[in-house]
1. Please list, ordered by first then second residue, the pairs with beta carbon atoms under 8 Å, 6 or more apart or interchain, first in the range 309-336 and on the phi > 0 side of the Ramachandran plot, second open to solvent by less than 10 Å² (accessible area, probe 1.4 Å) and assigned to a helix (DSSP H, G or I).
2. Here are some conditions: (1) part of a helix (DSSP H, G or I); (2) open to solvent by 20 Å² or more (accessible area, probe 1.4 Å). PRO265 meets all but one. Which one does it not meet?
3. Test of understanding: among ARG166, ARG250, which residue is open to solvent by 40 Å² or more (accessible area, probe 1.4 Å) and either assigned to a helix (DSSP H, G or I) or on the phi > 0 side of the Ramachandran plot (or both)?
4. When residues of the range 547-566 are filtered for being touching a residue at least 60 places away in the same chain (Cβ under 8 Å), farther than 17 Å from ILE517 by Cα and not hydrophobic (A, V, I, L, M, F, W, C), how many remain?
5. From ALA534, ALA539, which residue is without any contact (Cβ under 8 Å) to a residue 12 or more places away in the chain, farther than 23 Å from SER303 by Cβ and assigned to a loop (DSSP other than H, G, I, E, B)?
6. Within the range 46-64, can you find the residues that are closer than 22 Å to GLY96 by Cβ and open to solvent by 10 Å² or more (accessible area, probe 1.4 Å)?
7. Inspect the range 304-323 for any residue being under 20 Å from ALA155 (Cβ atoms), aromatic (Phe, Trp, Tyr) and buried (at least 18 other Cβ atoms within 10 Å of the Cβ) and give the result as yes or no.
8. Pick out the one residue from ALA500, ALA536, ALA463, ALA505 that is more than 18 Å from the chain's Cα centre (by Cα) and open to solvent by less than 10 Å² (accessible area, probe 1.4 Å).
Amino acid sequence: MRFRATLILLLALAFTRANPASTEPFFAPFVSPDAMAAFDTRNAGRNTRARTYMVAAANPLAVEAGTAILARGGTAADAMVAVQAVLGLVEPQSSGLGGGAFLIWYDAQTGTVTTLDGRETAPLAVTPRLFQTPNGEPLGFFDAVVGGRSVGVPATPHLMAAAHARWGRAQWDTLFERAITLADGGFAISPRLADMIAFDRERLATQPATAAYFLTSDGQPRAVGSTLRNPAYAETLRALARDGADVFARGPIAEAIVAAVQGAPTPGLLAPVDLAIYRVKERAAVCVPYRGHRVCGMGPPSSGGLTVGQILGLLEPFDLAALGPDSPDAWRLFGDASRLAFADRGRYMADSDFVPVPQEALLAPDYLRSRASLLATDRALTVAPVGQPGWDHSRADDESIELPSTSHISIVDSYGNALSMTTTVENIFGSRLLAAGFILNNELTDFSFRTHRNGIPIANSVAPGKRPRSSMSPTIVLRDGRPILVIGSPGGSRIIGYVAKTIVAHLDWGLGVQAAIDLPHLSNRFGTYEVEEATAAEALIPALTDLGYETAVRTLTSGLHGISITGDGLLGGADPRREGIALGD
């Protein structure tokens, strides 16, 4: 087995050097033979099997850290802390201590579903014109992103601590050991991280501390397989392990965050008081019926639970199982259901602590049946109108930009608990600012840059203390009160479609979790039907065109990670479009 694993690693390195855009694994010498076998299983399109516990996440080093905690009797909450601590080191382009997350928890003892909102908040000093020019026009996206202006209050450490306090069994300070070891000793830069550094080199180079970490002394991107050490991150983790998440509210780490934001070439408004007052919030889960199941997601400020719920509710009257995954009509129904749901999303969804959101009305059976009647045709919708869910609050359509990055973690522990958590710094490498060894988010650019359209207010406009709307859609699907699927993905606003597609593939088309994840993407949010390039989905383009759609072939890089819970154990799936694996006992 040892010889086989070594051979696989050498072949992977050779393949990566010959194919720089490849996302095949290269994590030598840190990844175990079991993890390499999980890559083999994933790439062969087969489910990973386990008996009682499993982790599925975007990097094998993080997955191994989490499974080690589960093997010692830890809970899914314990394992999540270990996984996130490693992800923030080895996948800093996607998530980390300087970002935020949404978490859904199924408690096996009580049978309840709980959601925790660890979304970042806007500083108290922001004004409605945060992302506008002196003339009141929206800034260019990257003019807003890069630097301190875009940074919201880092929330992930608070969410980690809140979940552990509620559901953890392991000693808190033991959950960071693997991440500290990797930060001190170094880890091999993976192909995806190397690709992201190369892709974003010019923006990374504008921030001296970030450039010194990710680029060589002559300004070149650090190469695949080279060792990256982060002693500052190790020290931050030691402080977090010793003193808890309060180190992000006050003290040297908090001071480093504020200094990075306020000292950036484009300074931001984040202040010590913003860090000190941050709180994780428990929210009511958004649960919708679908094919005899209960699909539970995250409510506002996420649009994920509501929009996934609307898509499924609109599809409920139609026999997708009979149509099958190769049917153009099945994808017509899916695409136009998505367009209708996104129309409502742009008008009504935002942080419900600040603006009224008609959650119950948007998911009401009569409302969804009325909207679904628009799909009872044999052609693509000419337009996808915004619905009228009995709502008297006038709102204008949002126009925020949400580009893909982010990461997702699915965990089931030996006690029967299940955790689904989507975690992010928003754009690739967030604001491009580095503080105390970790990347700071650019979450504030998830707000609409405009506050009004034609004098009508936009729900997702920026305000002090407000949380920007998100598309993150961590989801747990239950049947008869017990979880049968834990799923989620990165991908910007396409997250919603990725998750909905995987649920449909699993429940309607009977695909195993890995096959459901592997199924090519077809995404329609705003009218253009995006078709995943270099996949069998391209064969559907002529039929979609005949149905009346404009199509575009795109790279649709999801990062779906899921676990199916059966009477015979656990089946895991990891997205071959990224570097993750599923691993268990």
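1. If the second residue must be open to solvent by less than 10 Å² (accessible area, probe 1.4 Å) and assigned to a helix (DSSP H, G or I), the pairs left are GLY324/ALA330.
2. Only one criterion in (1) part of a helix (DSSP H, G or I); (2) open to solvent by 20 Å² or more (accessible area, probe 1.4 Å) is unmet by PRO265, namely (1).
3. Values: ARG250 fails: either assigned to a helix (DSSP H, G or I) or on the phi > 0 side of the Ramachandran plot (or both).
Result: ARG166 is the single residue among ARG166, ARG250 that is open to solvent by 40 Å² or more (accessible area, probe 1.4 Å) and either assigned to a helix (DSSP H, G or I) or on the phi > 0 side of the Ramachandran plot (or both).
4. Within the range 547-566, residues that are touching a residue at least 60 places away in the same chain (Cβ under 8 Å), farther than 17 Å from ILE517 by Cα and not hydrophobic (A, V, I, L, M, F, W, C) number 3.
5. Details: ALA539 fails: assigned to a loop (DSSP other than H, G, I, E, B).
Only one candidate passes the filter, namely ALA534.
6. Within the range 46-64, GLU64 is the sole residue that qualifies.
7. As a first pass, look at the range 304-323 and keep what is under 20 Å from ALA155 (Cβ atoms): 304-305.
Among the residues that remain, those that are also aromatic (Phe, Trp, Tyr) are: none.
There is no residue in the range 304-323 that is under 20 Å from ALA155 (Cβ atoms), aromatic (Phe, Trp, Tyr) and buried (at least 18 other Cβ atoms within 10 Å of the Cβ).
8. Numbers: ALA500 fails: more than 18 Å from the chain's Cα centre (by Cα); ALA536 fails: open to solvent by less than 10 Å² (accessible area, probe 1.4 Å); ALA463 fails: open to solvent by less than 10 Å² (accessible area, probe 1.4 Å).
Checking each option against the conditions leaves just ALA505.
The values are calculated or read from the model by the stated rules, or taken from the named source; none is laboratory data. The model shown is predicted, which means the values in this text are computed figures rather than measured ones. For neighbour counting, all protein chains shown are included, and Cβ atoms are generated from backbone atoms with ideal geometry for every residue, glycine included. For accessibility, only protein heavy atoms count, side chains too; no ligands or nucleic acids. Shrake-Rupley method; radii C 1.70, N 1.55, O 1.52, S 1.80 Å.
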